[in-house]
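Have a look at the structure below before the remarks.
The values are calculated or read from the model by the stated rules, or taken from the named source; none is laboratory data. On a predicted model such as this, the values are computed, not experimentally measured, just so you know. Quick reminder, even Gly has a Cβ in these numbers, built from the backbone with ideal geometry, and neighbours come from all protein chains shown. SASA here: full protein model, heavy atoms, side chains in, ligands and nucleic acids out. Shrake-Rupley method; radii C 1.70, N 1.55, O 1.52, S 1.80 Å.
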Amino acid sequence: MIAIIDYDAGNIKSVEKALQYLGEKAVITRDRDEILKSDKVILPGVGAFGDAMEKLKQYGLVETIHEVVDRQIPFLGICLGLQLMFESSEEAPGVEGLGLLPGKILRIPKKDGMKIPHMGWNDLKIKEGSKLFAGLEEDPYVYFVHSFYLQAEDPSIVAATTEYGVTIHASVEKDHIFACQFHPEKSSTVGLQILRNFIAL
């Protein structure tokens with residue numbers, strides 16, 4: 001069973017639907033025991049960094065997420081979920097993130113002819129041997145919707161990058177912790193393969 005963490009963020013149902021399409025049992029929950037007995041845990045989300053951290057605290061989910069990671073249950077952050085896993089975001093100065101991995105979330109710089117939010121399909125440069133991207137062709141296209149991007153402190157955890165006026169760390173992997181800035185659940189067959197790879201871990 002895969003637990004999808006419920007903290008009132010957008011886009012949670014589409015992750016559940018994608019997992020069900022792949023034949024997985026998925027439960028949207030904020031119950032600590034249910035989350036900790038799951039085979040895998042996903043933190044999806046669309047929204048604002050500060051509001052999301054407030055909700056995670058309000059529901060007692062910060063401690064639960066740290067427990068998931070301590071117990072080495074495979075954990076996947078999607079979009080806002082990726083951003084929350086790091087230390088801080090320019091979107092919410094002074095608000096601490098979950099701090100599961102070192103790095104910060106920065107605003108995508110404005111450039112002529114580039115719309116923000118970065119919305120739509122973009123290709124990925126994948127690091128060889130990345131577990132989430134096993135079986136995919138080179139430079140696959142995935143779907144993004146975001147105005148802020150990850151700059152990971154440790155380059156060795158970066159599994160994929162994309163270019164949008166700046167190099168964006170689009171996916172990270174470290175031990176049993178995984179995250180994608182893009183939306184695998186909205187990225188057609190490529191996204192489904194990424195979710196399949198996570199399920200198979």
Query raised in the report: Inside region 51-63, can you point out the residues that are surrounded by 14 or more Cβ atoms within 10 Å (Cβ to Cβ) and either of a type outside the set (Asp, Glu) or in contact with a Leu (Cβ under 6 Å, 6 or more places away or on another chain) (or both)?
Result: Ala52, Met53, Lys55, Leu56, Tyr59, Leu61, Val62
Query raised in the report: Taking the stated definitions as given, is Phe182 touching a Ser or Thr at 6+ places or on another chain (Cβ under 9 Å), open to solvent by less than 10 Å² (accessible area, probe 1.4 Å), closer than 23 Å to Gly47 by Cα and in a strand (DSSP E or B)?
Result: no
Query raised in the report: Does any residue of region 41-49 turn out to be open to solvent by 40 Å² or more (accessible area, probe 1.4 Å) and in contact (Cβ under 8 Å) with a residue 24 or more places away in the chain?
Result: yes
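Quick grid of which residues meet (1) over 17 Å from the mean Cα position of the chain (by Cα); (2) of a type outside the set (Val, Ile, Thr); (3) outside any loop (DSSP other than H, G, I, E, B):
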position	(1), (2), (3)
Glu67	yes, yes, yes
Gly77	no, yes, yes
Pro93	yes, yes, no
Pro109	yes, yes, no
Asp112	yes, yes, no
Query - Hits in region 162-175 - residues which are open to solvent by less than 30 Å² (accessible area, probe 1.4 Å), closer than 22 Å to Ile199 by Cα and of a type outside the set (A, V, I, L, M, F, W, C) - result: Ser171
Query raised in the report: Across region 1-21, what is the total count of residues that are in contact with a helix residue (DSSP H, G or I) (Cβ under 7 Å, 6 or more places away or on another chain), surrounded by fewer than 19 Cβ atoms within 10 Å (Cβ to Cβ) and within 12 Å of Ile78 (Cβ to Cβ)?
Result: 1
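Checking the conditions here, which among Leu150, Leu56, Leu98, Leu82 is assigned to a loop (DSSP other than H, G, I, E, B) and either basic (Lys, Arg) or modelled with pLDDT of 95 or more (or both)? So that I can check it myself, show each step before the final result.
Numbers: Leu150 fails: assigned to a loop (DSSP other than H, G, I, E, B); Leu56 fails: assigned to a loop (DSSP other than H, G, I, E, B); Leu82 fails: assigned to a loop (DSSP other than H, G, I, E, B).
Matching residue, one of Leu150, Leu56, Leu98, Leu82: Leu98.
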Query raised in the report: Taking Ile168, is it farther than 17 Å from Leu80 by Cα and either among the aliphatic types (A, V, I, L, M) or not in a loop (DSSP other than H, G, I, E, B) (or both)?
Result: no
Query raised in the report: Ser147 fails exactly one of the following numbered conditions: (1) touching a residue at least 40 places away in the same chain (Cβ under 8 Å); (2) crowded, with 16+ Cβ neighbours inside 10 Å; (3) closer than 14 Å to Cys79 by Cα. What is the number of that condition?
Result: (2)
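Quick one: how many residues across region 1-38 are charged (D, E, K, R), part of a loop (DSSP other than H, G, I, E, B) and over 21 Å from Lys57 (Cβ atoms)?
3
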**Report entry** Hey, Phe86 under 18 Å from Glu173 (Cβ atoms), open to solvent by less than 20 Å² (accessible area, probe 1.4 Å) and in contact with a helix residue (DSSP H, G or I) (Cβ under 9 Å, 6 or more places away or on another chain) or not
**Finding:** no
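Taking region 135-147 as the region of interest, how many residues are part of a loop (DSSP other than H, G, I, E, B) and farther than 17 Å from Phe49 by Cβ?
Looking only at region 135-147, we keep the residues that are part of a loop (DSSP other than H, G, I, E, B), and these are 135-140, 147.
Going one step further and asking which of them are farther than 17 Å from Phe49 by Cβ, we end up with 135-140.
Total satisfying the criteria: 6.
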